[in-house]
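Read the figures in this text as sums done on the coordinates, not as results from a lab. Just so it is clear, the structure is predicted and the values come from calculations on it, not from any experiment. Positions of Cβ are backbone-derived with ideal geometry, glycine not excepted, and every protein chain shown enters the neighbour counts.
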Amino acid sequence: MKVTNVKAFLSKYTTFVTFAVLVFLLSVLTKGQVLSWPSAKTLIIAEAVRAFAALGVGMIIVTKGIDLSIGYVVCLCASVAASFAQISTYESALYFGHSFPLFMPIITGIIAGGIFGLFNGVLVAYGKLPPFIATLGTMSIARGCQLIYTKAAVVGSLTSEFKSLAQNSIGSAAFSFPYLGIYVVIITIVVWILLKHTKQGTNFYAIGGNAQAARVSGINVERNLLCVYFYAGLLYGCAGVLLAGRLGLANALTANGMELDAIAAVTVGGVSQNGGVGTVGGMIIGVFTMGLINYGMSFLSIDSYYQLLVKGAIIIVAVYFDMKKYAKRA
């Protein structure tokens, strides 16, 4: 009976147990360095932008969808935001001689993400295209838009006011907490409320569980799918704005591969590819689990190229066990 209880506990809290075990192993390998606040702060800064992207695609996967356009949409949003945050006297500025208020790069970056989110939603919900194909197409469109808009140039020389949004911290010199971490906490609460305490969130899970049954029960499947892709697009826009601020620039390689990071994170975080299953807490833990893996590999001086192999393997293994778990429940 006790063994059964342990198995049930591990099955229910696999994500959190994995994270705890990983922290323990890394604390041993790094002689406690991973548990120090400077290391934790570095991890928060490094993974905060990915958290926004992961929450967006996590909601989509809950509805049994997928989004491959994340990386290039975030890249476009970062470029748009950066273009409105450039120093007006910078000779290569996209809007040379024009100075914009701080809200402009923020709003334009988020709007760009929202537009692509709506586009994805229309293609999937009303165009009836498979999410894989629809977002594969918009991935290419977003990349083309970014290259056309920036003329394939680096969008740099951003104002210190804009960069401070993502680079500054709150607190004293002895202990400071990055603004990026605060943004993650806020957006996590917002998404948690949406998924767990609103009718629309319940609809997302119902659609992911069985779209036909959801339709029969009176749920407007198309409208809800449009909304979930739109919300995800807004989160990608936020990610782009913050990434541009953190890096102090944007170019064609910004957010390269972020779709892999985000999908891997939420898969590790227990969001089922079969739809209808997943928690916001799991999504965030998944993000920082992947971050710890990257940190550990870097600390152990393992070539960064191998991180891609590890991420791909993690996705395959996580989906495999998710399918086995789903098959047992069926």
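Numbers below:
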{"item": "Global geometry of the range 21-73, whether rounded, prolate or oblate, following the gyration tensor of its Cα atoms and the 1.5 cut on a/c", "result": "prolate"}
{"item": "Segment residue 37-residue 217, extension gain: residue separation times 0.36 nm, minus the distance between their alpha carbons", "result": "59.9 nm"}
{"item": "Exposure proxy ranking, count of Cβ atoms within 10 Å, fewest first, for 207, 148, 115, 141", "result": "148, 141, 115, 207"}
{"item": "Histogram of C-alpha separations across the range 194-330, 5 Å bin width, %", "result": "2, 9, 14, 18, 18, 17, 11, 7, 4, 1, 0"}
{"item": "Debye intensity ratio I(q)/I(0), log10, the chain, q values 0.09, 0.10, 0.12, 0.15 Å⁻¹ (C-alpha model)", "result": "-0.48, -0.60, -0.85, -1.27"}
{"item": "Derived scalar couplings ³J(HN,Hα) [the range 272-289; Karplus, 6.51 cos²θ - 1.76 cosθ + 1.60; whole Hz; x for Gly, Pro]", "result": "6, 5, 7, x, x, 9, x, 10, 5, x, x, 4, 5, 4, x, 4, 6, 5"}
{"item": "For peptides 279-290, 29-40, sequence by mean Cβ density within 10 Å, most packed first", "result": "279-290, 29-40"}
{"item": "For 317, 221, order by how many other beta-carbon atoms lie within 10 Å, fewest first", "result": "317, 221"}
{"item": "Neighbour-count order for 80, 184, 122, 190, fewest beta carbons within 10 angstrom listed first", "result": "190, 122, 184, 80"}
{"item": "Under 15 Å from the Cα of residue 64 - aspartates and glutamates, other chains or at least 8 residues apart", "result": "222, 322"}
